[in-house]
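What follows is a set of notes on a single structure, which appears directly below.
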Amino acid sequence: MSVLIARVNPYLAMLGVGWLVPILRMASGDSPSVQLKELWRELGVPMVAIALFLAAWGGVAARIETSLGALPGPKAVWAEAENLVAEHGTERERRAEFYARQEARNAEALAENPGAEVRVRRYTGKPTYFDQIFTSLKTVFTGFVLGVLVAVPLGVLAGLSKTVNAAINPLVQIMKPVSPLAWLPIVTMVVSALYVSSDPLFQKSFITSAITVTLCSLWPTLINTAVGVASIDKDLMNVGRVLQLGWFTQVFRIVLPSALPLIFTGLRLSLGVGWMVLIAAEMLAQNPGLGKFVWDEFQNGSSESLARILVAVFTIGIIGFLLDRIMLALQAAVTHSATR
Amino acid sequence: VATTVSAQTLDLERDELKFGFIKLTDMAPLAVAYELGYFEDEGLYVTLEPQANWKVLLDRVITGELDGAHMLAGQPLAATIGFGTNAHVVTAFSMDLNGNAITVSNDVWRAMKAHVPAGADGRPLHPIKADALKPVVDAYRAAGKPFNLGMVFPVSTHNYELRYWLAAGGIHPGYYSATDTSGQTGADVLLSVTPPPQMPATLEAGTILGYSVGEPWNQQAVIKGIGVPVITDYEIWKNNPEKVFGVTAAWAEANPNTHLAVVKALIRAAMWLDADDNANRREAVELLARPAYVGADAAVIGNSMTGTFEYERGDKRAVPDFNVFFRHFATYPYYSDAIWYLTQMRRWGQIAEQKPDEWYAATAKSVYLPDVYLEAARLLVADGHAKEGDFPWTSDGYRAPTADFLDGVEYDGRRPNAYLESLAIGLKGRDTPATVRTTATGGAPR
């Protein structure tokens, strides 16, 4: 039993539920006093810290008077979160009504003229908070995947060849620290110029935001891949050479598996940067995700706006945390199989 | 125009449309046409999307990301003559009259108030002229401090109204020129661009000392206690034309029936907004207060949408025509309205050279489309949604000459050059900013 617990321990810690371990240990008959102490540290301390934070926030916020009223405390933010969920429900009802109206209109058109061409148009209402979260996730993953597709092959080349590395290194160093806000106007103009279609599959704002994410997030993956590949054990490479493996076989059988742990570290960093950059990109590109939600609420300037923006702040934080955990889990899984 | 055509038989070229707007109360016709189902009645499935600022909005209409948008009256004109951007943009629907105001910070108001005459009831006598602001500006200049004011866009109504008010009070707002795109050549006060919803925050931060903007951002300043509106645009020019609904000329040409259907829905929305002596305005305020539209608190929006306007806190006065959406033929796209904006572009150097009167008329004709408007109106009368008397069928596109300005100068849309001559501060005749720069500053109050 304790062997089993020891084995799942790292996974539980990774998921942020490491406090389950002492409970499991107690259940399997370990010394309660030791495990209780452990539980206090794993669960009790964070809970107390969060409670203290909420209390301090509530106390300080009430004293900060902005022109939109006092800064909202935890209660007001929670109420707005509930409001956003309720608005989601209302908007879904409106959508159902929209489709019902359209169906009736189409049926009428068919009754008048059986040959009439009818089709169902997409709902025209505003996106709800959950739609916006989904849009943001879609955009960040598109940008991230595009970045990976560029960064990993380039990183492998740079890792394998000192010449390639010397060639791209200065460019990488210069591009890496550039803020998304600097890229965005250029990306916008280029997308407008090149992506011309009368019935586009994707919105320009979506493409602009995704490409901005790509430009800002591909660097950690590129650098880590290059480092990972360059630091492969020379013996392994020599074995490949002795076996006279083809270049591609060598890359896929030896180079990539050996470099995987570092590549994944890069991917995790990239996704984190991408998520951070996305919010700014969406604000400026008007891509209907969380960034636009924050911007629109800022523009609204109503008495609820600040609380709604804070809901978004926490949403962004929690999603960022979850994305990081997912990447960490993938990294652990991959590293494990790679070292086996 | 065929009078037998009904809504059902308009053969729409496209029925899924996306329109942009800026968070201002005068976007109301779009929200109303959507929420009351007027768009759907025409078989149109419209998505409304707020835009970050006027530049983004115009660019997205030009690139086709938006089918059309709520625009500043000056935007289609400036785009068509190639000032700022270059694209042929047209309008067949004027969205409203009036609806703007000029707000100054509390400090500036305190300094100004000493120079404002009081009425019989002890309250400041309206309209408040920029003459009262002049000593304050002079004091700033004497102390070597810049006097910054915000407006929403170089070709915005707000820019021209603010400039008109300042110039009428002897304060020079500065010229635009090929080398000065910020319009500050020879200026006593420095005007700069701030997007409408950010005006109150920028004023509060002290970056600007006052601004000219549409609602609800003046009332917002009163309620937040950060500034005082001193004059509404209704007092600067009674029933001045304001926003328009703009589309590109290419779009209008490719989608004539869709364009008609859109204008029909918008006319119905405007009629609803003004119906029965503004009886529906409360409901409109509730609509606009939703986060998807203007999103400000209903109390703020209601302050100006329901026939009143609050100046200093507690000084709420009746301005029944502060927001006009349909009466006074507000939605008809008059050539003379377009020409007034062109005269102001010339007056402040955005049009660098003198143009003949015919050029003004021809430009107005290429941008304003009263024929499309009247065709849509004819269809509405046939559908039974409007009455014959609701529309100026026989108008030649020019309003009668009017002197309903703050300074009483008469404007006749047929004689733009003569009008420019009658304004004390500003380019006229063959002037260029370079030739008048030395003599321009500090013109006498009229």
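The values are calculated or read from the model by the stated rules, or taken from the named source; none is laboratory data. Values in this document were obtained by computation on a predicted structure and should not be read as measured data. Using ideal geometry, Cβ is built from the backbone for each residue, glycine included, and neighbour counts are taken over all protein chains shown.
A compact table of results
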| quantity | calculated |
| --- | --- |
| Every residue from the range A:168-220 that is among the β-branched types (Val, Ile, Thr) and either within 11 Å of chain B (Cβ to nearest Cβ) or closer than 29 Å to B:GLU13 by Cα (or both) | A:THR188, A:VAL191, A:VAL196, A:ILE207, A:THR208 |
| Where A:PRO32 falls short, out of the listed (1) more than 19 Å from A:ALA332 (Cβ to Cβ); (2) surrounded by 13 or more Cβ atoms within 10 Å (Cβ to Cβ); (3) not small (Gly, Ala, Ser) | (2) |
| Matching helices (runs of 4 or more DSSP H) fully within the range B:1-115 where at least 1 residues are within 14 Å of another protein chain (Cβ to nearest Cβ), under 29 Å from A:ARG95 (Cα atoms) and in contact with a Ser or Thr (Cβ under 9 Å, 6 or more places away or on another chain) | B:28-35, B:38-41, B:54-62 |
| Answer from B:ALA167, B:ALA120, B:ALA139 - the residue that is surrounded by fewer than 21 Cβ atoms within 10 Å (Cβ to Cβ) and part of a helix (DSSP H, G or I) | B:ALA139 |
| Scan of the range A:71-102 for residues that are within 11 Å of chain B (Cβ to nearest Cβ) and in contact with a strand residue (DSSP E or B) (Cβ under 9 Å, 6 or more places away or on another chain), ordered by number | A:PHE98, A:GLN102 |
| Test for B:LEU342: is it at pLDDT 95 or above and surrounded by fewer than 21 Cβ atoms within 10 Å (Cβ to Cβ) | no |
| Given (1) within 14 Å of another protein chain (Cβ to nearest Cβ); (2) within 26 Å of B:PHE405 (Cβ to Cβ), index of the condition B:LEU166 fails | (1) |
| Single condition B:GLY408 does not satisfy, out of (1) surrounded by fewer than 19 Cβ atoms within 10 Å (Cβ to Cβ); (2) in contact (Cβ under 8 Å) with a residue 12 or more places away in the chain | (2) |
| Residue count for the range A:103-130, restricted to those that are within 12 Å of chain B (Cβ to nearest Cβ) and in a helix (DSSP H, G or I) | 7 |
| Qualifying strands (runs of 3 or more DSSP E) (wholly inside the range B:181-253; at least 2 residues being surrounded by 18 or more Cβ atoms within 10 Å (Cβ to Cβ)) | B:210-214, B:227-232, B:243-248 |
| Test: residue in the range B:268-281 that is touching a Phe, Trp or Tyr at 6+ places or on another chain (Cβ under 9 Å), closer than 14 Å to B:PHE325 by Cα, within 14 Å of chain A (Cβ to nearest Cβ) and aliphatic (A, V, I, L, M) | no |
| Cβ-Cβ under 8 Å pairs, at least 6 apart or on other chains, the range A:298-314 side facing chain B (nearest Cβ under 8 Å) and under 16 Å from B:ALA221 (Cβ atoms), far side among the β-branched types (Val, Ile, Thr) and part of a loop (DSSP other than H, G, I, E, B) | A:ASN300/B:VAL294 |
| Test for A:LEU157: is it buried (at least 16 other Cβ atoms within 10 Å of the Cβ), free of Cβ contacts under 8 Å to residues at least 40 places away in the same chain and either charged (D, E, K, R) or more than 14 Å from every other protein chain (Cβ to nearest Cβ) (or both) | yes |
| Residue ID - nearest to the other protein chains (Cβ to nearest Cβ), chosen from residues in the range B:296-308 that are surrounded by 24 or more Cβ atoms within 10 Å (Cβ to Cβ) and either out of contact with any strand residue (DSSP E or B) (no Cβ under 8 Å at 6 or more places or on another chain) or hydrophobic (A, V, I, L, M, F, W, C) (or both) | B:ALA296 |
| Flag if A:VAL17 is among the aliphatic types (A, V, I, L, M), under 32 Å from the mean Cα position of the chain (by Cα) and surrounded by 12 or more Cβ atoms within 10 Å (Cβ to Cβ) | yes |
| Of residues in the range A:240-293 being assigned to a loop (DSSP other than H, G, I, E, B) and closer than 13 Å to A:ALA210 by Cα, the one nearest to the other protein chains (Cβ to nearest Cβ) | A:GLN286 |
| Answer from B:ASN239, B:ASN257 - the residue that is over 20 Å from the mean Cα position of the chain (by Cα) and of a type in the set (S, T, N, Q) | B:ASN257 |
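Matching residues to (1) touching a helix residue (DSSP H, G or I) at 6+ places or on another chain (Cβ under 7 Å); (2) among the hydroxyl-bearing types (Ser, Thr, Tyr); (3) at pLDDT 85 or above:
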residue	(1), (2), (3)
A:PHE248	no, no, no
A:LEU260	yes, no, yes
A:PHE264	yes, no, yes
A:ARG268	yes, no, yes
A:VAL273	yes, no, yes
A:ILE326	no, no, yes
